[in-house]
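Working notes, structure below.
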Amino acid sequence: MAEILATIAGHMREQVARRRRDMPPQALRDRPLFHVPVRGFAKSLSGTSRHIIAEVKRASPSKGLIRPDFDPLALAKDFAEHGASAVSVLTEERFFQGNLRYLEEVHGAVSLPLLRKDFILDPYQLVEAKSYGADAVLFIAALLDPSLMGELREQAAALGLDSLIEVHGEAELEAALKAGAELIGINNRDLQTFEVDLETTGRLAKRFGKDVF
């Protein structure tokens, strides 16, 4: 794992430990949104027509601050009005200036399915996602070993959450498929080098099975 990804993973483990102390899993399960029926993220992307997952993101490590006038609710409403099928909400605080609060607020503002986009590596984060209004979670293959990825995907499903597994290379794609992935996202940016190769999508898409969309 390259330095930046290792740094993010280490920071995330510290944050998860802190948040677990501040709000134990049962406290998360007691939040009202934990008991709200999910909106069907995978279902919103089914069919033969093209679908857009629009993203609520304030900043990134590669671009820095993207939106100084960041308004997650206005963005989400605009996405919904212009035909997005689902909305991805960045919740990682240090590197992307996201927040779980944005996820909760967007859930109340639009009726589209929501994806929690974060560096998920612990089951606690799945309960967290559900309790703040997520309908699906992102798993980054470069961050997880195959067995853990499979376990987390199963635990997400047990909570009613769909999983989108992000891959960049052939090995990550094979690991995602082995983990039972039904939704796969291809990232043209290599998270270990931060270099972008626009040919990645075309190369990997040829290897998808018919039951993966």
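Filtering the stretch 1-27 to residues that are small (Gly, Ala, Ser), assigned to a helix (DSSP H, G or I) and either within 27 Å of Asp145 (Cβ to Cβ) or touching a strand residue (DSSP E or B) at 6+ places or on another chain (Cβ under 7 Å) (or both) leaves Ala6, Ala9, Gly10, Ala17. Residue count for the stretch 150-159 under the criterion of being among the small types (Gly, Ala, Ser) and surrounded by fewer than 15 Cβ atoms within 10 Å (Cβ to Cβ): the result is 2. Any residue that is surrounded by 14 or more Cβ atoms within 10 Å (Cβ to Cβ), among the acidic types (Asp, Glu) and within 16 Å of the chain's Cα centre (by Cα) - is there at least one of those in the stretch 181-198? Looking for residues that are surrounded by 14 or more Cβ atoms within 10 Å (Cβ to Cβ), among the acidic types (Asp, Glu) and within 16 Å of the chain's Cα centre (by Cα), one finds at least one in the stretch 181-198, hence yes. Of all residues in the stretch 10-69 being out of contact with any Asp or Glu (no Cβ under 9 Å at 6 or more places or on another chain) and polar (S, T, N, Q), which is modelled with the lowest pLDDT? By that ranking, first place goes to Thr48. Any residue at all in the stretch 123-139 that's surrounded by fewer than 21 Cβ atoms within 10 Å (Cβ to Cβ), within 23 Å of His168 (Cα to Cα) and touching a residue at least 60 places away in the same chain (Cβ under 8 Å)? Checking the stretch 123-139: not a single residue is surrounded by fewer than 21 Cβ atoms within 10 Å (Cβ to Cβ), within 23 Å of His168 (Cα to Cα) and touching a residue at least 60 places away in the same chain (Cβ under 8 Å).
Go through the stretch 28-48 and give me each residue that's part of a loop (DSSP other than H, G, I, E, B) and surrounded by 13 or more Cβ atoms within 10 Å (Cβ to Cβ). Result: Arg31, Val36, Val38, Arg39, Gly40, Leu45. Ile184 meets all of the listed conditions (1) in contact (Cβ under 8 Å) with a residue 60 or more places away in the chain; (2) touching a strand residue (DSSP E or B) at 6+ places or on another chain (Cβ under 6 Å) but one, namely (1).
Take the conditions under 13 Å from the mean Cα position of the chain (by Cα), crowded, with 17+ Cβ neighbours inside 10 Å and either hydroxyl-bearing (Ser, Thr, Tyr) or assigned to a helix (DSSP H, G or I) (or both) and apply them to Ala176. Does it pass? Considered against the rule, which asks whether it is under 13 Å from the mean Cα position of the chain (by Cα), crowded, with 17+ Cβ neighbours inside 10 Å and either hydroxyl-bearing (Ser, Thr, Tyr) or assigned to a helix (DSSP H, G or I) (or both), Ala176 comes out as no. Condition check for Ser163 on (1) surrounded by fewer than 18 Cβ atoms within 10 Å (Cβ to Cβ); (2) in a strand (DSSP E or B); (3) hydroxyl-bearing (Ser, Thr, Tyr): one failure, at (1).
The values are calculated or read from the model by the stated rules, or taken from the named source; none is laboratory data. Because the structure is a prediction, the values reported are computed rather than measured. We place every Cβ from the backbone using ideal geometry, glycine too, and count neighbours over all the protein chains shown.
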